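> If you scroll down you'll find the structure; I have some questions about it.
The values are calculated or read from the model by the stated rules, or taken from the named source; none is laboratory data. Keep in mind that this is a model prediction, so the values were computed, not measured. Ideal geometry is used to build each Cβ from the backbone, glycine not excepted, and the neighbour counts take in all protein chains shown.
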Amino acid sequence: MSRFVVHIVITALVLTVVVGCATMGGGSRISDPAGRFSFVVGAGLTPKVETEGFYQYRMETPGIDVYLVARPADLEEKGVEEAFRSAGLQADRLILNGSTAFGDWQARLYHQDGADLNVALAWQARGGTVYALVASGTANAMPGEPPAAVMHLLGSLQFSKAAGGISLPGTREELEAYMRRAAEARGGSISIAASRGGRVIYRYATGSSGTGAQATVDTAYHYGSMTKLVTAVAVMKLVESKAVDLDAPIARYIPEFPAAFGITVRNLLSHSSGLPDPEADHLVSIGEETMPRLDDVLVSFLADLHKLDFAPGTSSAYSNWNYLLLGILVERVSGMPYETFVTESILRPLGMEHTAFRHADEPAGTSVASPIIASEREPALLAILGANRPAVDAQKVAAARSGGLTYLSAFDILGPWGGLIGPADELTRFLDLHLGTATAAGSQVLSSKTLSSMRQVQRSRNGQPLGWGLGWVVRSEKGETVAEHGGGGPGIDCLMRLYPDRRLGIVVMGNVNDYGVGRIVSAAAAILSKEAR
């Protein structure tokens, strides 16, 4: 397993980057002979096999094999196993590092037991067929997310009517039954909240939030990388007040950052900076430990920063370190600690009283869900923590074990890229802000014009869409523009999504992984929209 902290704080691991991918132009569009789908193969991907239901490509630099597979399957897991076999992989040798969802896709990140091999998987089921993309490479070739060419292939994939549709729960009762089954199967809890027109229209919670504790609609969860949207709003407040220029180099505000890189504030917000995404295993605090200062983290990062992955503004690739720099920007310009500025200027005006950056700062009586993982994953988790922390600290990770599950101890995450903790229904107030339906106090956080600009797709230097707004992942879903962001890690799986045309916002949060968060959001959106007609 690589990158404990990265797994916690990114938008939910490896292929979350795909959420923000748009076809970048160029390349060849390949059509499935059966007429079910098509996709674009861009530069850098060399075809090895192209036939109905099986497509293999090789990316020589950095050395990644890519497979797009369509396999009939009555159960999704069977289809996934078939996809792995087609890619020459054995599912029983792959150890799950984490999972997420985006749109209709499920995604997972694995490493192979006893081998230097990382594997990324994205899949969905339509009309009795499982469609899967598998990318595999050494840890050096693929330390985190696959490179942009792989992301763009998946982002370009389009399905026709011949592929069939996605089967989703069709009523609240069916949705809640689905959530109950998913939570029970994984031994954890799932909460959902939705708001329309500034009013919470749906709340539901099910499952175990910890040993012997049942989740309620007030249970708080780790945001993971959904925190990045809050950081983006903090930056945009400074932009709106003319204290920060979006297109100014970040070196203007953080002089020790190399000006020669030419990275702007806009590049950081839209993940188009070219910054690499190195490991950050030590950037959690467990129990009473103290989180390192952002400036100290920056010193360590800069010591190893010798080159960018690509020229700023030419492409997009997810990096947590974009948001470290943005958090430091907030501190330098506002003159306040990052957490203080966010709390005083965003959370409290929105009435998010039970949302905080540290467990210790949650109001007394707040129930915080314990992240839960399968106990078989615990040794790998402890080994990764132990690589960068004293072994005694690593042993603090497990608070309890029961029935094959490990309940993780309370831990906090570095603030700007993943630190918030709070209940789902409070997060709807943040969604209301972006939908223009916040409370009177909340409406003072940012102007509607600025909020709208955050959902505008950013473009590369040659005018191609990057798939990112300013913080938001922006994509089209059946002709409708939606904006979203996920968060994930061991025992963290969350997704918030805006449907601006419907004035609808939905957030789902869980303390377990791989429960189908994207399906739940999509099903809830369809159900609630149907009820509103």
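> When you go through Gly114, Gly127 one by one, which is the residue that is out of contact with any Asp or Glu (no Cβ under 6 Å at 6 or more places or on another chain) and more than 19 Å from Asp92 (Cα to Cα)? Lay out the reasoning, then the answer.
Numbers: Gly114 fails: more than 19 Å from Asp92 (Cα to Cα).
The unique qualifying residue is Gly127.
> Still on this structure, please answer the following. Filter the range 419-432 for residues that are modelled with pLDDT of 95 or more and part of a helix (DSSP H, G or I); which is farthest from Glu288 (Cα to Cα)?
Out of the qualifying residues, it is Asp432.
> Let me ask something else. Listed residues Val134, Val80, Val119; which is assigned to a strand (DSSP E or B), surrounded by 21 or more Cβ atoms within 10 Å (Cβ to Cβ), free of Cβ contacts under 8 Å to residues at least 60 places away in the same chain and of a type in the set (Val, Ile, Thr)? So that I can check it myself, show each step before the final result.
On the way: Val134 fails: free of Cβ contacts under 8 Å to residues at least 60 places away in the same chain; Val80 fails: assigned to a strand (DSSP E or B).
Unique residue meeting the criteria: Val119.
> Okay, moving on. Could you list, in sequence order, the residues of the range 180-205 that are hydrophobic (A, V, I, L, M, F, W, C), modelled with pLDDT of 95 or more and surrounded by fewer than 22 Cβ atoms within 10 Å (Cβ to Cβ)?
Start the filter on the range 180-205 by keeping residues that are hydrophobic (A, V, I, L, M, F, W, C), which leaves 182-183, 185, 190, 192-194, 200-201, 205.
Applying the additional criterion that residues be modelled with pLDDT of 95 or more yields 183, 190, 192-194, 200-201, 205.
Val200, Ile201, listed by residue number.
> For the range 276-329, give me each residue that is β-branched (Val, Ile, Thr) and within 19 Å of Phe357 (Cα to Cα).
If the condition is that a residue be β-branched (Val, Ile, Thr) and within 19 Å of Phe357 (Cα to Cα), then Val284, Ile286, Thr290, Val297, Ile328 are the ones that fit.
Table: residues versus (1) part of a loop (DSSP other than H, G, I, E, B); (2) buried (at least 23 other Cβ atoms within 10 Å of the Cβ).
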site: Val457; (1), (2): yes, no
site: Thr481; (1), (2): no, no
site: Gly487; (1), (2): no, yes
site: Arg497; (1), (2): no, yes
site: Met509; (1), (2): no, yes
site: Val512; (1), (2): yes, yes
site: Ser529; (1), (2): no, no
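> Further, regarding this structure: Test each condition in (1) more than 23 Å from Pro276 (Cβ to Cβ); (2) in a strand (DSSP E or B); (3) at pLDDT below 90; (4) of a type outside the set (Asp, Glu) for Thr100 and report the one that comes out false.
(1)
> Which members of the range 467-479 meet the condition of being modelled with pLDDT under 90, outside any strand (DSSP E or B) and under 17 Å from the mean Cα position of the chain (by Cα)?
Gly467 - this is the single residue of the range 467-479 that is modelled with pLDDT under 90, outside any strand (DSSP E or B) and under 17 Å from the mean Cα position of the chain (by Cα).
> Select from the range 435-455 the residues that are under 14 Å from Ser270 (Cβ atoms) and surrounded by fewer than 17 Cβ atoms within 10 Å (Cβ to Cβ) and list them in ascending order.
Once the filter is applied, which keeps residues that are under 14 Å from Ser270 (Cβ atoms) and surrounded by fewer than 17 Cβ atoms within 10 Å (Cβ to Cβ), the range 435-455 yields only Ser453.
> Checking the structure you have, find out if any residue of the range 159-179 is without any contact (Cβ under 8 Å) to a residue 40 or more places away in the chain, among the basic types (Lys, Arg), surrounded by 14 or more Cβ atoms within 10 Å (Cβ to Cβ) and not in a strand (DSSP E or B).
Checked against the condition, which is being without any contact (Cβ under 8 Å) to a residue 40 or more places away in the chain, among the basic types (Lys, Arg), surrounded by 14 or more Cβ atoms within 10 Å (Cβ to Cβ) and not in a strand (DSSP E or B), the range 159-179 yields no hits at all.
> What strands (runs of 3 or more DSSP E) completely inside the range 331-411 contain at least 1 residues that are under 23 Å from the mean Cα position of the chain (by Cα), among the aromatic types (Phe, Trp, Tyr) and crowded, with 21+ Cβ neighbours inside 10 Å?
On the way: elements: 372-374, 398-402, 405-408.
Here the list reads 405-408.
> Going residue by residue through the range 204-215, is there one that turns out to be without any contact (Cβ under 8 Å) to a residue 12 or more places away in the chain and not hydrophobic (A, V, I, L, M, F, W, C)? Steps first, answer last, please.
Step one: of the range 204-215, the residues without any contact (Cβ under 8 Å) to a residue 12 or more places away in the chain are 212.
Going one step further and asking which of them are not hydrophobic (A, V, I, L, M, F, W, C), we end up with 212.
Looking for residues that are without any contact (Cβ under 8 Å) to a residue 12 or more places away in the chain and not hydrophobic (A, V, I, L, M, F, W, C), one finds at least one in the range 204-215, hence yes.
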